[in-house]
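Data block below; observations after.
The values are calculated or read from the model by the stated rules, or taken from the named source; none is laboratory data. It should be emphasised that the depicted structure is a prediction, and the values quoted were computed from it without experimental measurement. Positions of Cβ are generated from backbone atoms using ideal geometry, with glycine treated the same way; all protein chains shown enter the neighbour counts. Side chains included, ligands, DNA and RNA excluded: accessible areas come from the protein's heavy atoms. Shrake-Rupley method; radii C 1.70, N 1.55, O 1.52, S 1.80 Å.
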Amino acid sequence: MHKNLYYNQPFTLDCGETLPALEIAYDTWGTLNEERDNVVWVCHGLTASADVSDWWPHTVEAGRFLDPERQFVVCVNMLGSCYGTTGPLSVNPTTGQPWYGDFPCVTVRDQMRLFQIVARHLGIRKVRKLVGSSIGGFVAIEWLVVEPEFFSEAVLVATAAKVSPWTSAFNESQRMAIEADPTWGEPSPEAAQRGLSAARSIALLSYRGRAAYNLTQQDDSEELVRRRVNSYQRHQGEKLVRRFNAYSYYRLSQTLDTHDVGRGRGGIEAALSCVKLPVLVVSVSSDLLFPPIEMKAWAQYLPQHKYIEITSDFGHDGFLVETEKLNDIILDNNR
């Protein structure tokens, strides 16, 4: 069920700017029990919405790890996105016009505080399982460190305790592509669409990687110029343009770059060592953004962690593609 929460209070961001009020979009499945503790909270990825059933196929179903018959599943759309929560295309109450490029920078910690607002609104006493993947995993890790007693267990998939220079390099390259579009900065929802399409093409290289491309994009003919992969890159860019906007993409990519759970807490080890609850950490063997070797390195700082690696040729997107494997891993972990 899709819902909207109007938070009629100032929300001060880590950057120092204040949003006068917030509109927060979120989706729920199932029924909250009388104890208000049968909650599974999902933190979504970069361009996803709060509708988990849409972007994570065959997960919100009976018998799966997001089972609406037994659990109350919640997902909140992130601040700065374009799926209902306040973002660059929202109207700035001060000017009466959309924010566009004036929308302020938002950190991972800001996103976590947004989620806390919804949790309080719903009267949730305890989250049985916190699930976060990719940037959603960033927010989940932050929340675990800030409020560990609020959770019974967590699942962190294809993510990191601190954004790496490698990941940030991809983000900056995407922003450069958007900035190179001559329409970037125009007060329009259609601004920098060609730049956004190019940025998505760059992102896909990091999401899939060499093995996935060579597996799925081989040419069936002997044409000289028009390669299948060329069409694929352009098609994926066009698909994102139809459902997203450059201003939201730009700001959310900056949100990614703010992530460091150890900042101001004595480092990653000190921060994660305070999370005493059971945490399942799942990596994807071919993930270029969050490779297994890096996930193993920080997972060891979690006192009660279990680490499992999914074998897949689909890179970072493996957590979206290999839902059967992921479902078995999470369900087996609870037996």
Relative contact order for segment 78-201, counting Cα pairs under 8 Å that sit 6 or more residues apart, in percent | 18
Please compute P(r) over all alpha-carbon pairs of segment 203-321, binned at 5 Å starting from zero, and give each bin as a whole-number percent.
-> 2, 9, 13, 15, 17, 15, 11, 8, 5, 2, 1, 1
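May I ask for the Rg/Rh ratio of the chain, computed from Cα atoms with Rh as the Kirkwood radius, given to two decimals?
Rg/Rh for the chain comes to 0.96.
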How far apart, in nm, are two points set 7 Å out from the Cα along the Cα-to-Cβ line at Thr183 and at Gln304?
-> 5.2
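Work out the length of the dipole vector of segment 18-77 about its Cα centre, built from +1 on the beta-carbon of each Lys and Arg and -1 on the beta-carbon of each Asp and Glu, and round it to the nearest 20 debye.
On the way: 3 positive and 10 negative charges, 28 e Å.
I would put it at about 140 debye.
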Relative frequency of Cα-Cα separations exceeding 18 Å in segment 240-296, percent | 60
Want the number for Thr18 to Thr94: 0.36 nm per residue separation, take away the alpha-carbon distance, what's left?
-> 26.2 nm
Leaving ligands, DNA and RNA out of it, work out the accessible area of Glu17 with a 1.4 Å probe and give it in Å² to the nearest 10.
-> 90
Evaluate the charge dipole of segment 64-190 about its Cα centre and quote only its size in Debye, nearest 20, assuming +1 on the Cβ of each Lys and Arg and -1 on the Cβ of each Asp and Glu.
-> 700
Say the dipole of segment 155-226 comes from +1 at the beta carbon of Lys and Arg and -1 at that of Asp and Glu; which of Trp184, Leu205, Thr159 then lies farthest toward its positive end?
-> Thr159
Subtracting the Cα-Cα distance from 0.36 nm times the residue separation, let me have the gained length for Asn33 to Arg228 in nm, one decimal.
-> 65.2 nm
The equivalent-ellipsoid semi-axes of segment 1-88, taken as the square roots of five times the Cα gyration tensor eigenvalues and listed largest first in whole Å, are 27, 15, 10
On a C-alpha basis, how far is the centre of segment 27-46 from the centre of segment 246-283 in Å? Whole number, if you could?
-> 21
The chain, relative contact order [Cα under 8 Å, separation at least 6], % | 17
In whole Hz, the Karplus estimates of ³J(HN,Hα) for segment 81-90 (6.51, -1.76, 1.60; θ = phi - 60°; x where Gly or Pro) are 7, 10, 10, x, 7, 3, x, x, 8, 6
Does a label point 7 Å from the Cα of Lys126, set along Cα-to-beta-carbon, have any residues of segment 136-171 with amide nitrogen under 12 Å, and which are they?
-> 149-153
Unit charges on C-beta of K, R, D, E only; dipole of the chain, Debye = 300
CD proxy, 222 nm, the chain: helix-only mean residue ellipticity via -39,500 (n - 2.57) per DSSP H run with n ≥ 4, per residue, nearest 500, stands at -11500 deg cm²/dmol
Accessible surface, per residue, of segment 114-249 when the full set of protein chains is kept, probe 1.4 Å, Å² = 46
Reachable aspartates and glutamates, given that their alpha-carbon falls under 12 Å from the alpha-carbon of Lys3 and they are not under 8 places away in the same chain | Glu23, Asp27, Asp51
